[in-house]
Amino acid sequence: MNFLKVGLLFAASTLSKLFAGLLIVKIIAITIGADGLGRLGQFMSLMSMVTILAGGGINIGVIKYFSEFKDDERNLNEYLSSASFVSVTSAAIVGIALYLWAEGISLWLFKTTVYGDEVRILAFVQFLIAIANLFYGLVNGFQKVKIFALISVASAITGSAGVAIASSRFGMTGAMFGLMWMAACPVIFLLPWFHLRAQFRWRQLMPVWHKEKIIQFGRYSLMLLVSVLTMQVAQVVVRNVIESNTDWVHVGYWQAVSKVSDAYLQFITVVLANYFLPRLSKIQNQIELRIEVKRVYLIAMPVLLAMATMVFVCRDWIILIVFSKEFLPMKEFFTFQLIGDCFKIAAYIGVYVAIAKAKTKIYIAAEVLQSVFLVVLCSFFVRQFGAIGATYGYCVTYILYFLIVSCVLRNYLHDPDAV
């Protein structure tokens, strides 16, 4: 399969998820309004954390080792059974924690225990999410790009339809169930593929402890787990701060502008992950590395600035198309959010160097640092200026983050042993 065809298939997969996400936001905005979107943002953060924790965050490791050893039956079997062991164990731990602490989690997220039952249901649904994570890794690891794209598109359509029906009929609770359905529904497409088309048997997925293989998976999952958990916890705290100083409607405005950022930044991050990261991983010469990093900055930043400018100019239309008239007051949130977006991506280019060169400690420190900055600065500015202060805090966070990452990156590019 040539590069262009692969690229088009991944583009179709990414765009289907993007449009499905925007459609879901639109439906939720219409059915439960800004107040509901603000509350649902808390549940979205919980879903993001659970989606990673459920399978142990081993997806990248699964892709690497399955693609590397797909013709080595002995090693492949050990990696398959080890991946299954990690997934089942992680899902069991997460499920028990969610079920036992459901009221406490609901209280932390929503400042009420009303949604405890929904959290308990998620405790069972996340087993399906763990299976989906593992099987997506299998599809990618065996380089079934066409299957991956088709399943991604089908899951996006099926999942968004479920969210639309559930939220329109049952409001906030329905939207929560819809999000669970969207995360779990890939299983209905992945299991038939595994049974009919996969080149191995069910017994090869029996969970078995292989210490060396499990440690290898752990190294690949650590950075992902830290990244998702720190940022999602930070966002939950920021939403709680906004609600404490204003109300859930203003939380909804901040959630909405964050969703716009996520949507257009996804185009940049997909390119960085699928093009920039593999290239960096292959480069061993420091001079070539400096040239590549500089080249990416020269290409990515003008594109990002153009996209941010377009979003700012068209913000009124974006609000009406993606959300509803109820969200028009959020247009004042765009200015500092978009400035922060530019510094965020500028910093992330440097962070990708740490990922490519396996600088795990630096990456983890950077993730924790940005989360701490976000919580402290957003809390300060929200108390001073109200909900819009969250965008001030976001902007200052990524300016500081960029300056720190730039200093570390500069030192590494000139003396890799010093970092």
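Can we say residue 346 is at pLDDT below 95, within 30 Å of residue 249 (Cβ to Cβ) and buried (at least 18 other Cβ atoms within 10 Å of the Cβ)?
Details: at pLDDT below 95: yes; within 30 Å of residue 249 (Cβ to Cβ): no; buried (at least 18 other Cβ atoms within 10 Å of the Cβ): yes.
Answer is no for this residue.
Residue pairs whose Cβ atoms lie under 6 Å apart, separated by 6 or more positions or on different chains, with the first residue in region 317-340 and in a loop (DSSP other than H, G, I, E, B) and the second buried (at least 17 other Cβ atoms within 10 Å of the Cβ) and not hydroxyl-bearing (Ser, Thr, Tyr), are 323/29; 323/256; 324/29. Please work out which one of (1) within 24 Å of residue 18 (Cα to Cα); (2) modelled with pLDDT of 85 or more; (3) aliphatic (A, V, I, L, M) is the condition residue 273 fails and give its number. So residue 273 meets the others, but not (2).
Just checking, does region 388-409 include any residue being out of contact with any helix residue (DSSP H, G or I) (no Cβ under 9 Å at 6 or more places or on another chain), surrounded by fewer than 21 Cβ atoms within 10 Å (Cβ to Cβ) and in a helix (DSSP H, G or I)? Yes: one or more hits. Could you check residue 47 against (1) out of contact with any Phe, Trp or Tyr (no Cβ under 9 Å at 6 or more places or on another chain); (2) modelled with pLDDT of 70 or more; (3) more than 30 Å from residue 387 (Cβ to Cβ) and say which number it fails? Result: residue 47 fails condition (3) only. When region 41-55 is examined, which residues are found to be of a type outside the set (S, T, N, Q) and in contact with a Leu (Cβ under 8 Å, 6 or more places away or on another chain)? Within region 41-55, 43, 44, 46, 47, 49, 50, 52, 53, 55 qualify. Contact map, region 86-112: first residue without any contact (Cβ under 8 Å) to a residue 24 or more places away in the chain, second residue assigned to a helix (DSSP H, G or I), Cβ cut-off under 7 Å, separation 6 or more or different chains; pairs are 102/116; 102/119; 102/120; 103/116; 106/116; 106/119; 112/106. The condition (being free of Cβ contacts under 8 Å to residues at least 12 places away in the same chain, under 23 Å from residue 15 (Cα atoms) and either surrounded by fewer than 19 Cβ atoms within 10 Å (Cβ to Cβ) or of a type in the set (S, T, N, Q) (or both)) is satisfied by just one residue among 310, 301: 310.
Can we say residue 353 is in a helix (DSSP H, G or I) and exposed (fewer than 15 other Cβ atoms within 10 Å of the Cβ)?
Values: in a helix (DSSP H, G or I): yes; exposed (fewer than 15 other Cβ atoms within 10 Å of the Cβ): no.
So residue 353 fails the test.
Only one of 189, 217, 194 is at pLDDT 85 or above and either of a type outside the set (Ser, Thr, Tyr) or within 17 Å of residue 48 (Cβ to Cβ) (or both). Can you tell me which? Outline the logic, then answer.
Working: 217 fails: at pLDDT 85 or above; 194 fails: at pLDDT 85 or above.
That would be 189, the only listed residue that is at pLDDT 85 or above and either of a type outside the set (Ser, Thr, Tyr) or within 17 Å of residue 48 (Cβ to Cβ) (or both).
The values are calculated or read from the model by the stated rules, or taken from the named source; none is laboratory data. Since the structure is predicted, the reported quantities are computational estimates derived from the model, not experimental observations. Methodologically, a virtual Cβ is constructed for each residue, glycine included, from the backbone with ideal geometry; neighbour enumeration extends over all protein chains shown.
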